[in-house]
Structures are given as C-alpha cells and as structure tokens.
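Below you'll find the structure, written out as structure tokens, and then a few comments.
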Amino acid sequence: MDEDRFYELSELYKNPKHKGKIENADYKYEDFSISCGDRFSVYLKTEGKKIKDASFDGNGCVISTVAVSKLCDFLIGKDISTIEKMDLKDIENLLGIGKISSSRIDCALVGLKAFKRAIESKNSNIY
Amino acid sequence: MFDPYKVREDFPILGRKINGHNLIYFDNAATTQKPNKVIEGISYFYRELNANPLRSVHSLAQNATKAYNEAREKIAKFINAEPEEIIFVRNATEAINLVSFSLPFRKGDSVVTTYLEHHSNLLPWLRLKKNGINVKMVDIDENYELKMDDFEHLPRNTKLVTFTHASNVTGTITNAKKIIKLAHEARSLTLVDAAQSVPHMKVDVKELDCDFLAFSGHKMLGPLGIGVLYIKKDVQRQLSTFMEGGEMIQSVEINKIIYAEPPLLFEAGTQNIEGAYGLGLAVDYLNSIGMKNIERYEEKLTKYLYQKAKEINGIEILSGKSKQFGPILSFNIPGLHSHDVAFLLDKKGIEIRSGFHCAQPLIEDKLKANGAARASLYLYNTKEEIDAFTAELKEITKHLHG
C-alpha cells in the first residue's frame with residue numbers, strides 16, 4: 001500500500017460508516033482484540049439468513065477501522081454464510097489495496113475475525 | 001572525545017537502506033543493533049572455541065569454558081557484582097520468572113510491583129495470585145513518578161518489592177536506591193528490572209543494594225537470547241532450583257543428589273555460550289566508549305529530541321515528565337493510531353515502535369491512551385536523524401489536517 005492510498009483511507013477513518021452499537025443484535029462479539037491497540041465490538045441484525053444491518057464499535061488503527069467499516073457495508077444485504085467464506089484477500093479487495101504488508105495483516109483481519117467469532121459463539125450458545 | 005559518527009562505523013546495519021531511504025533506527029528500547037566486534041566475535045567463537053564447556057576435559061572444552069567464565073567475570077565487573085552472583089538466562093523475562101518460581105512464597109505473603117512495569121515484571125507476579133499471594137500495585141503520579149508513599153507503607157508480610165529502574169514507555173528513571181532502602185527496612189527482598197537502565201547508565205548493584213537485578217543482553221549491543229539475573233550472595237540460599245538437569249549438580253545417585261553451588265545451580269543444561277561470549281564483547285565495547293560518555297551524549301540527544309518534538313503542533317507526549325528519564329519519547333498524533341504513525345515513518349526508513357509496548361495497564365489505565373508511538377535512542381543515533389524524524393512527523397500532521 002502506498003502513502004497516497006493510506007491517506008485516502010485515513011479520510012474514511014475520521015468518520016467511519018457503521019460505527020455504533022446495534023441494540024438487540026442477533027449476533028454480537030464485544031471487545032475483540034488480536035493485535036495491540038485494536039479493540040472492536042461487532043453487531044449483526046438478521047432476518048432469516050439475510051444480514052439486515054451490521055455495525056462495529058471500538059478503536060483501532062486506520063487499517064483495522066476502515067477494514068471493519070467497509071466490511072459492515074459489504075455485508076449488509078448478504079447471506080450470513082458469506083462471513084465464514086471470507087479471508088484476507090477479500091479484505092484487501094475491500095480496502096482497494098494489493099497485498100498488505102505482513103506486519104499489518106492482524107490489523108486488516110481483526111474485524112472479520114470478530115464477526116466470525118460472533119457467529120461461532122452464537123452457534124455454540126455462549127450468548 | 002565521544003564521536004557518534006565514528007561509533008556508527010562500527011555498526012554495519014546502520015548503512016542499510018529501508019524502502020529506499022537511509023535507515024534511521026529509533027527502536028532501541030526494543031532491541032539494539034550490534035557492533036562488528038560482537039558480530040565477528042560470535043563467528044570467531046564457532047570458528048575457534050566451540051565445545052560443550054564445563055564438563056569435558058579436552059582442550060577445546062577448556063577454551064569454551066574459559067570464554068564462558070571470562071564473560072561472566074566481565075559482566076559481573078560491569079555492574080559491580082561478584083562472578084558467582086551472575087546467572088545467565090535468556091533475557092530479563094526469564095530472570096524475573098526464575099525468581100517468581102524459585103522464591104518460596106507462602107499463602108498470605110505480599111508482592112509489591114508498580115504500574116510502570118513491562119508485562120515481564122507484572123505477569124509472573126499476577127500468576128502468584130492463584131496461590132493466595134497478594135499483589136499490590138504502586139501507582140504513578142501526574143509526572144509519571146512512582147508514588148513513594150506506598151513504599152513507606154508496605155503491606156504486612158511483603159516478601160518482595162519488584163520495580164523497574166527505567167520505564168520503557170514514560171522513560172521514568174525511578175529512585176531505586178530509596179525504594180530498596182524502604183523495602184529492606186520492612187524486611188522485604190527487592191528486585192530491579194534494569195532492562196532499560198543497564199544499557200544506558202552506570203548501574204552498581206552494591207550501591208543500589210538490591211537483592212535481584214535483571215537485564216537483557218540484546219538491549220545493550222549483545223546478541224539475542226542471553227540475559228542476566230544478578231542474585232546477591234546472601235540471598236542465593238533462599239531460592240530453590242528453577243530447572244534441573246545437566247551441569248547443575250555435583251553428584252547424582254537415585255536416592256541422593258548433591259547440587260552444585262550458584263551460579264551453576266541455576267544454569268541447568270548446556271548454556272548459550274555463544275550468547276554469553278557475545279555479551280562479554282558487547283560489555284567490552286561499552287567500556288571502551290565509557291558509560292559516562294554514553295549517558296552524557298544520550299542526555300544531550302534526548303533533550304534535543306524533546307525540543308524538536310514539542311515544536312510539532314498537536315503531538316501528545318506521554319513521556320519525559322519525571323525528574324530523570326531515559327532516551328525515550330512516547331507520543332501520539334491525534335487522528336491516527338500509533339501503528340499508522342509507525343507505518344508512515346517506515347515508508348521513509350524510520351523505524352519506531354507502536355502499540356502497547358508490553359505495558360498495557362500503564363498505557364490504558366494510567367496514560368488513558370489506546371497505544372503510543374515510541375522513539376527510543378542509543379549511542380549511535382544523531383541530531384540529523386532526529387531532524388529527519390521530526391520533519392517527517394510534521395509532514396504527517398500537515399497531511400492529516402491540511
């Protein structure tokens with residue numbers, strides 16, 4: 001990722017879309033963190049298998065925050081099974097960048113991992 | 001006369017390009033670069049001296065044993081200890097863990113540690129809570145100094161007071177001598193995490209009068225994987241063994257084991273001889289320059305770094321408020337996470353650390369920040385590098401707000 005693309009993403013970081021808690025979410029995972037300094041909660045509202053709304057809350061870096069924000073945007077209207085099929089390549093595409101550097105992979109994936117965790121924990125009845 | 005430009009010639013990696021720019025290495029609190037003397041010394045060890053030391057009678061083993069013992073003597077002298085008081089371990093983390101596993105704590109005992117600590121001087125003690133050991137956390141004040149009152153009123157049954165000599169985040173140099181005196185008055189033992197102090201200043205264990213002192217070789221120009229635990233002679237008998245196996249015994253019968261004396265008692269198995277030898281060479285190098293010279297130069301450089309950093313609009317500084325502090329600048333640029341700042345500086349060849357620096361309770365609970373960017377200096381850094389670093393920070397803030 002070059003600096004110009006980074007500064008474009010940092011514009012989205014100032015006021016990211018889909019930030020805020022969804023009350024009565026059907027799926028949620030709170031305070032998820034994998035790399036130092038990122039901590040996100042994620043929420044999904046579903047109707048049948050369809051994702052009606054997706055959101056996140058918390059703080060992270062430009063990469064993690066813009067990635068989870070764009071992921072929410074992408075997921076709305078999709079089938080819930082979309083999430084488990086997604087991987088790093090999909091996040092790189094959402095961010096509009098080529099291969100992300102190895103030190104930022106955790107940042108790029110933290111939102112997706114939180115959503116995957118939300119679904120797993122619902123299925124295993126943690127909530 | 002100390003000449004940083006001359007010093008730089010001893011460090012081959014400093015000539016490297018990163019992303020098309022000259023490397024500016026400002027992550028010295030994480031690990032330092034190595035001089036030729038250490039790099040070539042390790043190769044020399046394997047070309048000329050390598051054998052399993054201590055036990056074998058052959059000549060080569062005697063060479064390896066001599067190299068190992070001489071390294072121990074050099075390191076002992078460096079901190080004014082006796083060679084028998086120097087235990088080789090992997091790093092400061094292992095040193096502190098050794099004490100946490102080997103000191104006989106009893107239910108109801110207290111351990112006193114502080115909010116300034118690196119996780120390595122926190123987690124080994126928090127682990128003891130499940131055995132019924134109380135862990136008291138000493139707080140910091142608004143100038144990032146430890147609250148000395150707490151050391152004057154230690155909990156009853158305090159067995160150990162353990163604290164950092166220099167913080168890897170705020171840079172705070174603590175009043176170790178006074179804390180140790182207060183702890184001893186309360187009949188407690190004392191452990192000093194000196195990972196960030198021994199590389200930068202003259203540390204004298206006899207003057208401090210601490211019972212344990214831990215540091216890592218790789219933060220003081222030595223190789224990775226070698227560290228030191230100093231254990232005061234009078235205290236050594238109180239510790240049980242940490243690991244058992246080869247080299248730490250005199251005689252083994254199934255029903256009767258006679259252990260070796262310290263330091264070997266605490267060094268089970270074949271040790272990192274290459275590492276100890278390399279650390280000895282790093283100590284030689286530091287001595288050849290002089291710790292006083294290093295301290296004086298770093299103080300000047302740090303002052304310049306803060307002066308330039310404070311000229312940058314909007315930068316939040318999270319270090320350097322204490323009476324004394326090391327060559328560390330922790331900061332945030334509002335509107336960016338510290339990882340993003342590190343990412344952007346790296347594009348210009350400037351290597352800094354970001355995140356929690358293994359001190360999450362300090363950064364989150366006390367400094368109320370979601371991570372911090374950190375520039376940390378050493379003897380080979382220069383004013384020109386600081387100029388390039390602060391100019392780049394200015395560019396970043398201009399981009400964000402421009």
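Go ahead and set up a Gaussian network model of chain B, Cα springs under 10 Å, then flag whichever of B:Lys74, B:Lys159, B:Lys321 fluctuates most. Checking each option, the largest mean-square fluctuation is seen for B:Lys321. Remark: the stretch A:3-123 carries a charge dipole of roughly 240 debye about the Cα centre, counting +1 on each Lys and Arg Cβ and -1 on each Asp and Glu Cβ. Restricting the GluC sites (Glu not before Pro) of the stretch A:1-42 to loop positions (DSSP other than H, G, I, E, B) with no more than 16 neighbouring Cβ atoms within 10 Å leaves A:Glu23. Legend: residue pairs B:Lys323/B:Lys348; B:Lys147/B:Lys368; A:Lys52/B:Lys368, Cα-Cα distance threshold 28 Å; pairs beyond threshold, B:Lys323/B:Lys348; A:Lys52/B:Lys368.
Taking GluC sites (Glu not before Pro) in DSSP loop states with no more than 14 other Cβ atoms inside 10 Å as exposed sites, chain B has its longest site-free stretch at B:10-141.
Summary value for chain B: 23 percent relative contact order, contacts being C-alpha pairs under 8 angstrom separated by 6+ residues. Each Lys and Arg adds +1 at its Cβ and each Asp and Glu adds -1 at its Cβ; summed about the Cα centre, the stretch B:283-402 shows a dipole of about 380 debye. With everything on Cα atoms, drop me the angle between helix B:273-289 and the longest principal axis of chain B, reported from 0 to 90° to the nearest 10. Helix B:273-289 and the main axis of chain B meet at about 50 degrees. On the principal axes of its alpha-carbon atoms, the stretch B:1-91 has extents of 52, 31, 29 Å, going from largest to smallest. The trypsin sites (Lys or Arg not before Pro) found in the stretch B:357-402 that occupy coil by DSSP, while having at most 11 further C-beta atoms within 10 Å, are B:Lys368.
For the stretch B:38-287, the Cβ-based charge dipole about the Cα centre amounts to some 560 debye (Lys, Arg positive; Asp, Glu negative; other atoms uncharged). Buried surface for the A/B pair, taken as the accessible area of each chain alone minus that of the pair with a 1.4 Å probe, is close to 1600 Å² in total. Could you compute the net charge surrounding B:Lys159? Neighbours are other residues with a C-beta less than 12 Å from the C-beta of B:Lys159; K and R count +1, D and E count -1. That sum, taken over residues with Cβ under 12 Å, equals +3. What is the sum of charges around B:Met248, taking Lys and Arg as +1, Asp and Glu as -1, for the other residues whose C-beta is under 12 Å from the C-beta of B:Met248? Net local charge, B:Met248 excluded: -3. The contact residues of the stretch A:35-73, meaning those that lose at least 40 Å² of 1.4 Å-probe accessible area when all protein chains sit together rather than their chain alone, are A:Cys36, A:Gly37, A:Arg39.
The translational diffusion coefficient of the protein assembly as shown, from Stokes-Einstein at 37 °C and 0.692 mPa s with a Kirkwood hydrodynamic radius over alpha carbon pairs, comes to 129 µm²/s.
Let me have the 222 nm mean residue ellipticity of chain A computed from DSSP H runs of 4+ only, each contributing -39500 (n - 2.57), with the sum over all residues rounded to the nearest 500. Numbers along the way, then the final one.
On the way: 5 runs with 57 residues, N = 127.
Helices in chain A give a 222 nm mean residue ellipticity of -13500 deg cm²/dmol.
When chain B is described by a simple charge dipole with +1 on each Lys and Arg Cβ and -1 on each Asp and Glu Cβ, the residue from B:Leu393, B:Thr270, B:Gln33 located farthest towards its positive end is B:Leu393. Long hydrophobic helices in chain A, taken as whole DSSP H segments with a C-alpha length of 18 Å or more on their own axis and mean Kyte-Doolittle hydropathy at least 1.0: A:62-75. I'd like the trypsin sites (Lys or Arg not before Pro) in the stretch A:1-53 restricted to DSSP loop residues with at most 16 other Cβ atoms within 10 Å, sorted by number. Loop-located and lightly packed - A:Lys17, A:Lys21, A:Lys49. Think of it as helices only: each DSSP H run of n ≥ 4 in chain B is worth -39500 (n - 2.57), and spread over all residues that comes to -10000 deg cm²/dmol at 222 nm. Farthest toward the positive end of the dipole of the protein assembly as shown, out of A:Ser102, B:Gly15, B:Tyr115, is the Cα of B:Tyr115, where the dipole comes from beta carbon charges about the Cα centre.
Stokes-Einstein diffusion of the stretch B:271-366 at 10 °C, 1.306 mPa s viscosity, Kirkwood radius from Cα pairs, rounded to a whole number: 98 µm²/s.
Output the Kirkwood hydrodynamic radius of the stretch B:53-153, Cα pairs only, in Å rounded to one decimal.
Working: mean 1/r = 0.0599 Å⁻¹.
16.7 Å is the Kirkwood radius here.
For chain B, the longest principal axis of the Cα atoms and the long axis of helix B:59-78 meet at an angle of about 60 degrees. The contact residues of the stretch B:345-384, meaning those that lose at least 20 Å² of 1.4 Å-probe accessible area when all protein chains sit together rather than their chain alone, are B:Lys347, B:Lys348, B:Phe356, B:Glu364, B:Asn370. Using a Gaussian network model of chain A with C-alpha springs under 10 Å, which one of A:Ala114, A:Ala25, A:Ala54 is most mobile by mean-square fluctuation? Highest fluctuation among the options: A:Ala25. Translational diffusion of the stretch B:38-287 was estimated from the Stokes-Einstein equation, with Rh taken as the Kirkwood radius over Cα pairs; at 37 °C and 0.692 mPa s the coefficient is 175 µm²/s.
The values are calculated or read from the model by the stated rules, or taken from the named source; none is laboratory data. Model, not experiment: these values are computed from the prediction. Positions of Cβ are generated from backbone atoms using ideal geometry, with glycine treated the same way; all protein chains shown enter the neighbour counts. Accessible surface areas use protein heavy atoms only, side chains included; no ligands, DNA or RNA. Shrake-Rupley method; radii C 1.70, N 1.55, O 1.52, S 1.80 Å.
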